[in-house]
Amino acid sequence: MAQAKKVEIKNRKAKFEYHFVDTYEAGLKLVGTEVKALRAGNANLSDAYCVFRDNDLDVHSMYIGEYKYGNQNNHETRRVRRLLLKKSELRKLQRKVEEKGNTIVPYRLYFNDRGFAKLEIALAKGKKSYDKRDQIKERDQKRELERLKKISI
């Protein structure tokens, strides 16, 4: 059997905006055309956020583009999607989110080895502006060091 290409969609801005406290792997409740569009890599997590509703965790504003070969039964691109987690994890997350400064951020969307779509969510705290400046400075210094190593070799 041929090896299928790995689909991995990341919210790269999330690491810059938040300190990740804890990460969880959640399943997604999807319809067929959404899965096919995801396998084609047609998704975006940059505007997505997670909200508790009736003791369930939902992801809002996650973009999954329409399936190219879908018919009139194609899905909505930004509909609310339910996240599938164990009850104990949901209760723990709900308690943590009620604390000041904590939020749940969707970070990475991928297919596991069994072929199921998974969303990696992170319990996160927002960064202050000076934390962001420090991170930019560290990244620039690291880039300069790598450039100097290349030149010296």
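The values are calculated or read from the model by the stated rules, or taken from the named source; none is laboratory data. Bear in mind the structure is a predicted one, so any value in this text is a computation, not a measurement. Ideal geometry is used to build each Cβ from the backbone, glycine not excepted, and the neighbour counts take in all protein chains shown.
State whether the residues of region 24-40 include one that is out of contact with any helix residue (DSSP H, G or I) (no Cβ under 7 Å at 6 or more places or on another chain), touching a residue at least 24 places away in the same chain (Cβ under 8 Å) and closer than 30 Å to residue 128 by Cα. The answer is yes, given that some residue of region 24-40 is out of contact with any helix residue (DSSP H, G or I) (no Cβ under 7 Å at 6 or more places or on another chain), touching a residue at least 24 places away in the same chain (Cβ under 8 Å) and closer than 30 Å to residue 128 by Cα. Checked against the criterion of being under 24 Å from residue 62 (Cα atoms) and either within 15 Å of the chain's Cα centre (by Cα) or modelled with pLDDT of 85 or more (or both), region 125-142 has at least one qualifying residue.
Applying the set (1) over 23 Å from residue 104 (Cα atoms); (2) surrounded by fewer than 18 Cβ atoms within 10 Å (Cβ to Cβ) to residue 56 leaves exactly one unmet item: (1).
Among the residues here, residue 122 does not qualify as among the small types (Gly, Ala, Ser), farther than 16 Å from residue 14 by Cα and surrounded by 14 or more Cβ atoms within 10 Å (Cβ to Cβ). Remark: pairs (first residue in region 91-120, over 12 Å from residue 28 (Cα atoms); second residue surrounded by fewer than 10 Cβ atoms within 10 Å (Cβ to Cβ); Cβ separation under 8 Å; 6+ apart in sequence or on different chains) = 94/55.
Of the set (1) closer than 30 Å to residue 95 by Cβ; (2) among the charged types (D, E, K, R); (3) exposed (fewer than 15 other Cβ atoms within 10 Å of the Cβ), all apply to residue 6 but (1). Is at least one residue of region 90-97 of a type outside the set (Ser, Thr, Tyr) and over 15 Å from residue 22 (Cα atoms)? Looking through region 90-97, none of the residues is of a type outside the set (Ser, Thr, Tyr) and over 15 Å from residue 22 (Cα atoms).
Residue-by-condition table, conditions (1) exposed (fewer than 15 other Cβ atoms within 10 Å of the Cβ); (2) farther than 20 Å from residue 110 by Cβ; (3) at pLDDT below 90; (4) aromatic (Phe, Trp, Tyr):
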position: 25; (1), (2), (3), (4): yes, no, no, no
position: 37; (1), (2), (3), (4): no, no, yes, no
position: 43; (1), (2), (3), (4): no, no, yes, no
position: 51; (1), (2), (3), (4): yes, yes, no, no
position: 65; (1), (2), (3), (4): no, no, yes, no
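The residue that is nearest to the chain's Cα centre (by Cα), among those in region 1-60 that are among the aromatic types (Phe, Trp, Tyr) and not in a helix (DSSP H, G or I), is 49.
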